[in-house]
Amino acid sequence: MHRFFAPGADRAGVVVGLPDDEARHLTQVLRLGPGEAVRVFDGQGHEHAAIVADAGRAGVRVRTGRAVPAPPEPGVRVTLGAALLKGRKVDAVVRDATMLGVHVIQPLVTLRTEVPARRFGAAAARRWTRIAIASAKQCGRAFVPRIHPPLDLGRFLDGANADAGLRLLLVEPAAAAGAASVRTLAGEPRPSSAVVAVGPEGGWTEIEVAQAARAGFRPTTLGRRALRAEAVPVAALTVLHFVWRDDDPPGAPAAAGMEG
């Protein structure tokens, strides 16, 4: 059944309007009209069966019905700090991070960021939100991560320092001296939250690694191979989901005996 993003559709028996992009998709692409059965989710974890009430020039409104169980969110609420990348690579990071259950996405400006942050303004933020919504629709997720405007790494580290959860700085193999392997997390209790920071194409500078360590971040490597910057988030999140056994209920121990 077709799914649509409908902010405010958090309970049964309400009539809510679809955002313009969703309304156009319903009427112009799928050619749906009043009386059609659909599903809607509010981006905060709620999903409902619904009926299209109105579909015209004034927009599309749906009436919500019974609640539909949404796939459970990961047991660890992850904030992903991802350095701005060249071209449209951040689009792929947003798409994949949404699919893998990230709760918050914070684009970062680092010392080796090659693109001026001013290029990632309001238009980019709107595009990233649309991508996150589309990814949530495609993968069946009922939650859409919050995407913040780009932030300087120093300010990000200062804010993350107040978080009681785990803090990881993903580093490349060439800079892994003193860094722990992600395998070591398999022997630790699963955190309730985590902040995971991923660097730009050129990697972190020594100054940034030291700055992050002072803020409580643990330099961590995924292995011996250097990955493309846009591939690191999806690889890291996939490994972390396995280590944390995110399909298990809260309080479950982390996975043990991880090889690599």
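The values are calculated or read from the model by the stated rules, or taken from the named source; none is laboratory data. No experiment lies behind these values; they were computed from the predicted model shown. Quick reminder, even Gly has a Cβ in these numbers, built from the backbone with ideal geometry, and neighbours come from all protein chains shown. Surface areas here come from the heavy atoms of the whole protein model, side chains and all, with no ligands, DNA or RNA. Shrake-Rupley method; radii C 1.70, N 1.55, O 1.52, S 1.80 Å.
Quick one: net charge around ASP21, please, counting Lys, Arg +1 and Asp, Glu -1 for every other residue with C-beta under 15 Å from its C-beta.
+4
I want to check the label-to-label distance for ARG11 and ARG57. Put each point 7 Å from Cα in the C-beta direction and report it in nm to one decimal.
Once both label points are built, they end up 3.5 nm from each other.
If each residue of separation counts as 0.36 nm, what is the full-extension length gain between ALA67 and THR184 once their alpha-carbon separation is subtracted?
38.1 nm
Ignoring solvent entirely, what values of log10 I(q)/I(0) come out of the Debye formula for the chain at 0.12, 0.15, 0.17 Å⁻¹ when each Cα is a single scatterer?
Computed log10 I(q)/I(0) values: -0.75, -1.04, -1.22.
Antiparallel versus total DSSP beta bridges in region 1-151: what percent is that, nearest 5?
So the antiparallel bridges amount to about 55 percent of the total.
Between ARG130 and MET1, what FRET efficiency follows from the Cβ-Cβ distance if R0 is 22 Å, with the result rounded to 0.05?
Rounded to the nearest 0.05, the efficiency is 0.55.
Need one word for region 58-108: rounded, prolate or oblate. Basis is the Cα gyration tensor (sqrt eigenvalues a ≥ b ≥ c); a/c below 1.5 gives rounded, then a/b vs b/c decides.
Note, shape of region 58-108 comes out oblate.
How far is the Cα center of region 167-231 from the Cα center of region 129-160, in Å?
A separation of 20 Å, based on Cα centres.
Around PRO173, under 12 Å between beta carbons, what's the net of Lys plus Arg minus Asp minus Glu among the other residues?
Once all neighbours under 12 Å are counted, the net charge is +1.
I'd like the carbon and sulfur percentage of the solvent accessible area for the chain, probe radius 1.4 Å, heavy atoms only, ligands and nucleic acids excluded.
On the chain, the fraction of accessible area on carbon and sulfur atoms equals 52 percent.
Can you work out the accessible area per residue across region 1-94, with the rest of the protein chains kept in place, probe 1.4 Å, in square angstrom?
I get 51 Å² per residue for this part.
Please give the residues of region 133-155, grouped as numeric ranges, whose backbone N is less than 16 Å from a label point set 7 Å along the Cα-to-Cβ vector of ARG24.
Output list for this probe position: 133-134.
Out of the DSSP beta bridges found with both residues in the chain, what percent are antiparallel (nearest 5)?
35 percent
In a shell of Cβ-Cβ distance under 15 Å around LEU85, excluding LEU85 itself, what net charge do Lys and Arg (+1) and Asp and Glu (-1) give?
My count for the surroundings of LEU85 gives +2.
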